[in-house]
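The values are calculated or read from the model by the stated rules, or taken from the named source; none is laboratory data. Just so we're clear, the structure is a prediction, and the values are computed from it rather than from any experiment. A quick note on method: Cβ atoms are made from the backbone with ideal geometry, for glycine too, and the neighbour counts reach across all protein chains shown. Protein only, heavy atoms only, side chains kept; ligands, DNA and RNA dropped before computing areas. Shrake-Rupley method; radii C 1.70, N 1.55, O 1.52, S 1.80 Å.
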Amino acid sequence: MRILVACAGFPPAYLGGGPIRTIAAMLRSADARHQVWVITNNYDHGSSTPLVQGSEGWINRGNARVLYLNRGIRSLSKGIAKSLSKRPEVVYLNGIFYPRLSISFQLLSRLKGGTLLVIAPRGELDPGALALKSSKKRLYLRLFKVARMDKRVIWHASTELEKTHIQNVMGKKSLVIVRENDTMLPALADRPAARNLGSLRLVFMSRLSRKKGLHVLLAALKGVKQTVTLDVIGPEEDLQYVSECHDLAAQCPENVEIRFRGPVASERMRETLAQYDLMAFPTAGENFGHVIAESLSVGCPVLCSDKTPWSDRLRAGAGQIVDSVVPADWAAAIDRYAETGAEGWFESRLAAAEGYEEWMRTNDAPHFFELIEKQLEDRNPA
């Protein structure tokens, strides 16, 4: 197949989080017989520094050729023209609401027709995500349906839960292919080393946005009785929200130490997570949750909301679930965990590593491109 992938970020970008790693992993594991082009931004999330220097042309990266776009409408229009000149059979959009690339290709597909349009919402259609900036999103979705775009799209869902979210918004007859996100993680987890001294080391690793729930965690730590440290790791997405989080952190008692450490590069996430006893993640919703998989892959258990596809795995021993966003409930869970001591933390880390390996053993679905290829064959039988 000739496949064009449009995404807001692609390596060496990393500040956009899991969606960047998903696309990179999907292309890395794709069959080399497919021709793949990627059109993306020449800057990372929230940054103005160019990722690559020189003229805008196709760059070979692994199994794909990548076109990095500079800012401005002229660069965008030239890039789209270059992309469509490749005559892609499939246009794969990473996200639905991003105006610069996703919405541009949606509109062009509506005008041109003939090309198979695939959209991976990446959790943008789950209730928690739609509740943020809801009026703009719901207006666009109404226009999306008025233009009958919903009749022409194949959706990529990471889980059966995300399929339900998509069909709740787009209609029960929407064509949704469920295929778990690709990762570049190892088959076996890194086993943690035991330790005997020190307080509980917590980490929050994600974008600093309201959806990810850092404010819930910080409000909870105001009521924690045990001695704990929390490192907050991730890019600042909403400066007003970040200011709110700093204010909450300043209200925590002396037994709680909080450090805002900023982002780390994607290749350093696993080694960073390995330094902690527990990752706390009160997210309002994840279609997959790369950071959960990465945390478990180094034997760091996850204390998580019940809004991700990992709930059963975590309840089975790889971590714990807090089924509310009430700070007092999170405080109680953190205190209980801290009270188990270094021996209990080590046992939980081993269980997290075992849970990860069990997940990897069951992760053997066909590549998403093969599932799309079957759709094309069904539509255009020989």
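Here are some notes:
- Shape class of the range 1-66 from the alpha-carbon gyration tensor: oblate, with a/c at 1.5 or above and b/c at least as large as a/b.
- Rounded tilt (10° steps) of 368-379 against the dominant C-alpha axis of the chain: 30
- Semi-axes of the equivalent ellipsoid of the chain are 37, 22, 20 Å, computed as sqrt(5λ) over the eigenvalues of the C-alpha gyration tensor in descending order.
- Between 0 and 90°, nearest 10: helix 134-146 axis offset from the chain longest Cα axis: 30
- Computed extension length for Ala328-Glu160: 57.4 nm, one decimal, from 0.36 nm per residue of separation with the Cα-Cα distance subtracted.
- Taking each residue as 0.36 nm, the span from Asp378 to Ser48 lengthens on full extension beyond its C-alpha to C-alpha distance by 114.4 nm.
- Only the Cβ atoms of Lys and Arg (+1) and of Asp and Glu (-1) were treated as charged; on that basis the dipole of the range 242-309 about its Cα centre amounts to roughly 160 debye.
- Temperature 10 °C, viscosity 1.306 mPa s: under these conditions the Stokes-Einstein estimate for the range 203-323, based on its Kirkwood radius over C-alpha pairs, is 110 µm² per second.
- Annotation: per residue accessible area for the range 25-80 equals 53 Å², rounded to a whole number [probe 1.4 Å, protein chains only].
- Relative to the longest principal axis of the Cα atoms of the chain, helix 73-84 runs at roughly 70 degrees.
- Volume per residue of the convex hull around the Cα atoms, evaluated for the range 71-128, comes out as 89 Å³.
- Inter-probe distance in nm under a simple model that places probes 7 Å from Cα toward Cβ, at Lys136 and Ala316: 4.0
- In this simple spin-label approximation, Met184 and Gln35 carry label points 7 Å from Cα along the Cα→Cβ vector, and these lie 2.5 nm apart.
- Taking every protein chain into account, the accessible area of the range 130-203 amounts to 57 square angstrom per residue (probe 1.4 Å).
- Value at 222 nm in deg cm²/dmol, rounded to 500, when DSSP H runs of n ≥ 4 in the chain each add -39,500 (n - 2.57): -11000 deg cm²/dmol
- Computed about the Cα centre, the dipole magnitude for the range 117-217 is approximately 580 debye when only Lys and Arg (+1) and Asp and Glu (-1) carry charge, each at its Cβ.
- For the peptides 115-121, 9-15, 159-165, 255-261, residues were scored by their other Cβ atoms within 10 Å and the scores averaged per peptide; the highest-first order is 115-121, 9-15, 159-165, 255-261.
- For the range 265-382, the alpha-carbon radius of gyration amounts to 1.31 times the rule-of-thumb value 2.2 N^0.38 Å expected for a compact globular protein.
- Inter-part distance, the range 37-52 to the range 198-246, computed on C-alpha centroids, equals 28 Å.
- The range 1-94 - percent of accessible surface contributed by carbon and sulfur, probe 1.4 Å: 50
- Shown in residue order for the range 244-254 are the 3J(HN,Hα) couplings computed by the Karplus curve 6.51 cos²θ - 1.76 cosθ + 1.60 at θ = phi - 60°: 4, 5, 5, 5, 5, 4, 5, 8, 6, x, 5 Hz (x for Gly and Pro).
- Maximal additional length on extending the Thr340-Leu371 stretch stands at 6.6 nm, based on 0.36 nm per residue less the C-alpha distance.
- Rolling a 1.4 Å probe across the protein heavy atoms gives the range 226-280 an accessible surface of 50 Å² per residue.
- Protection proxy ranking of 280-287, 364-371 - average other beta-carbon atoms within 10 Å, highest first: 280-287, 364-371
- Euclidean distance of C-alpha centroids, the range 99-164 and the range 303-365, integer Å: 32
- Most mobile of Gly289, Gly62, Gly128 in a GNM of the chain (Cα contacts under 10 Å): Gly62
- Fraction of alpha-carbon pairs over 22 Å apart in the range 1-110 - percent: 23
- Computed over the range 142-192, the Cα gyration tensor eigenvalues convert (square root of 5λ each) into semi-axes of 33, 10, 9 Å, ordered from largest to smallest.
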